[in-house]
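Below is one structure, written out as structure tokens; comments come after it.
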Amino acid sequence: SSWLLLAPLLTSPAPVVTAAPCALCPEGAHRFQWIRNLVPEFGISSSRVKVLSSPAEFYELLKASCIKTAKQRVVMASLYLGTGLLEQELVDCLEEALEKSLRAEGPSALRVSILLDFTRGSRGRRNSRTMLTPLLQRFPRQVRVSLFHTPNLRGLLRLLIPERFNETIGLQHIKVYLFDDNVILSGANLSDLYFTNRQDRYVLLQDSPEIADFFTELVDAIGDVSLQLQQDDTVHMMEGMVHPYRGDKTAYCEIANQKVMGVINSARTRQQLLHAKTFHSSQEGSPVFSQQEARASGDQKPEPDTWIYPLIQMKPFGIQIDEMVTETLLTEAERGARIYLTTGYFNLTQAYMDLILGTRAQYRILLASPEVNGFFGAKGVAGAIPAAYVYIEHQFYSEVCCLHQQERVQLQEYSRPGWTFHAKGLWLYLAGSSLPCLTLIGSPNFGYRSVHRDLEAQVAIVTENKALQQQLHQEQEQLYLCSGIVSSSTFEQPNRHVKLWVKLVTPLIKNFF
């Protein structure tokens, strides 16, 4: 019944928390070093970073270049795993890699860890769980499947809200795919649409063991507080762990916070010690001789010109690092700077909207036109979601016009026949620069859900290397090339008509999609 659609309102939203004041560092190797006060800083060579451009390239990389060649670990975190032929091929690749590991001499070294969302992964009779139970049955000692269940979906609320609608309360939304020491960060899920015609963003960090270790530990930490899938398709918690919806909510969230922050803080300490050791050895030792020695032995690594900062957002656990960093970047962007921000679901938090409208930088915001929205053509109430996004977009555009900011803040709609749009992130161009020096890439959509309800992760990539900056610039240009500028006439088109009931309901439910 219709009142069930409002059942999520029984879950009280958390209050908005603004970012801590923090000015950008004007000097030094790069001006974003303040981020390492919050998270670990990984310095790497830009030659290890590869920006992918298409779903097909992403899929082939998952299959051929990564899973089949993995020797030690495969770690995958996603919202869900689809049930089509392409997804089955992916599972078959995992099986092949595990079989190869068993045939190798000595003890089997390959370990597979998969983290998905419980509600999304359990939807329907054939689902993510049924896709993965054969792997658990055949390789019980090598495969772990964890299903995160939000602690906010419990009690009467859990009983009343039907399937699909229960996903509005909170999800495991992180998307990271790593194979030995190679890491793919993306906003794409493991589903056929994301392998064929749903445009997203993807970046490959090659031969980056410290970054791979960090995300392995992060997925393990979330997995420890998640339900564990069994060979018979049942689930249970690890022994001694508080249950996410049957146990005490406060105790559960405290344990989850300790585990995740433990990963972040220990990695940050390790990187700080490594940075200090490198700095002191270069000051006190003989760096020229040692580099020649290392080069002769084949161990020399290129000097870092690119820095990776993992940004975690898990408001249910009291972790708001991504929110703090994003708000600070928007606040401190100088006059003349340009920020290209993209989201597949345009539903910015009030804090982000206020910063965009009240700060000095130029903004080019890319969002989905109704036809490329992932919910376009859906059955039932979900079919009205694109109209709700149009209504939110129109309200924001009207506010831009009221403040006479049309030149500084520009909306652009992605449109591509036969495709849907799911890309998210931003590119930051400093004043006077034609290339970006920073990008954010990962799972957050900059909306209320990303900030307050779901588990999210992305990375800030800061680079001084012109070739990598050019890669990022080309990625941005390629996405924006398929867009048109939004004007007042956009909302006069017949396909932008929003029904009255959608306008009335949207303010009530906008925090849930």
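The values are calculated or read from the model by the stated rules, or taken from the named source; none is laboratory data. Just so you know, these numbers come straight off a predicted model, no measurement behind them. Using ideal geometry, Cβ is built from the backbone for each residue, glycine included, and neighbour counts are taken over all protein chains shown. Ligands, DNA and RNA are excluded from the accessible area calculation, which covers all protein heavy atoms including side chains. Shrake-Rupley method; radii C 1.70, N 1.55, O 1.52, S 1.80 Å.
Write down the accessible area per residue of the range 299-417 in Å², having rolled a 1.4 Å probe over the full set of protein chains.
That works out to 37 Å² for each residue.
Check the straight Cα-Cα distances from Lys68 and name the lysines below 18 Å, setting aside those fewer than 8 residues away within the same chain.
Partners found: Lys100.
Can you give the charge dipole size of the range 304-510 about its Cα centre, rounded to the nearest 20 debye, using +1 on the beta carbon of Lys and Arg and -1 on the beta carbon of Asp and Glu?
With Lys and Arg at +1 and Asp and Glu at -1, about 560 debye.
For Ser433, project a label point 7 Å along Cα to C-beta. Then give me every residue of the range 319-343 with its amide nitrogen under 19 Å of that point.
Answer for this model: 325-342.
Nearest-5 percent of antiparallel DSSP beta bridges in the chain?
Within the chain, antiparallel bridges account for around 65 percent of the total.
About its Cα centre, what dipole magnitude does the chain give when the only charges are +1 on Lys and Arg Cβ and -1 on Asp and Glu Cβ, stated in debye to the nearest 20?
1040
Return the inverse of the average 1/r over all pairs of distinct C-alpha atoms in the range 42-267, which is the Kirkwood hydrodynamic radius, in Å to one decimal.
Result for the range 42-267 stands at 18.2 Å.
Of His275, Pro370, Thr331, which is farthest on the positive side of the dipole of the chain, counting Cα position, with +1 on Lys and Arg Cβ, -1 on Asp and Glu Cβ, and the Cα centre as origin?
Comparing the listed Cα positions along the dipole, Pro370 ranks first.
Where the centre of each part is set by its Cα atoms, how far does the range 465-487 sit from the range 187-205, in angstrom?
Their Cα centres are 17 Å away from one another.
Pull up the DSSP beta bridges for the range 105-231 and report the antiparallel fraction as a percent, rounded to 5.
60
Out of all DSSP beta bridges in the range 42-267, what portion is antiparallel? Express it as a percent rounded to 5.
Numbers: 20 of 32 bridges.
Of the beta bridges lying entirely in the range 42-267, close to 60 percent run antiparallel.
Quick check: at a probe of 1.4 Å, how many percent of the accessible area of the range 304-510 sits on carbon and sulfur atoms?
55
Among Ser53, Ser450, Val39, which residue has its Cα positioned farthest towards the positive end of the charge dipole of the chain, with +1 placed on the Cβ of Lys and Arg, -1 on the Cβ of Asp and Glu, and the dipole taken about the Cα centre?
Ser450
Using packing as a proxy for protection, rank 339-346, 169-176, 253-260 so that the peptide with the highest average count of other Cβ atoms within 10 Å comes first.
169-176, 339-346, 253-260
Can you give the calculated 222 nm mean residue ellipticity of the chain, where each DSSP H run of n ≥ 4 adds -39,500 (n - 2.57) and the sum is split over every residue, rounded to the nearest 500 deg cm²/dmol?
Working: 14 runs with 178 residues, N = 513.
The helix-only estimate for the chain comes to -11000 deg cm²/dmol at 222 nm.
What are the semi-axes of the equivalent ellipsoid for the range 304-510, taken as the square roots of 5 times the Cα gyration tensor eigenvalues, largest first, in whole Å?
The equivalent ellipsoid of the range 304-510 has semi-axes of 28, 20, 17 Å.
For a test of understanding, tell me how many lysine pairs in the range 356-513 have Cα atoms under 20 Å apart, given they are 8 or more places apart or on different chains.
For the range 356-513, the number of qualifying lysine pairs is 5.
Which three extents, in angstrom, do the Cα atoms of the chain have along their principal axes, listed largest first?
72, 60, 44
What do you get for GluC sites (Glu not before Pro) in the range 365-472 restricted to DSSP loop and a cutoff of at most 11 other Cβ within 10 Å of the site's Cβ? Mind dumping the intermediate values first?
On the way: sites: Glu371, Glu393, Glu399, Glu407, Glu413, Glu456, Glu464; in loops: Glu407, Glu464.
Taking the range 365-472 and a limit of 11 other Cβ atoms within 10 Å, the loop GluC sites (Glu not before Pro) found are Glu407.
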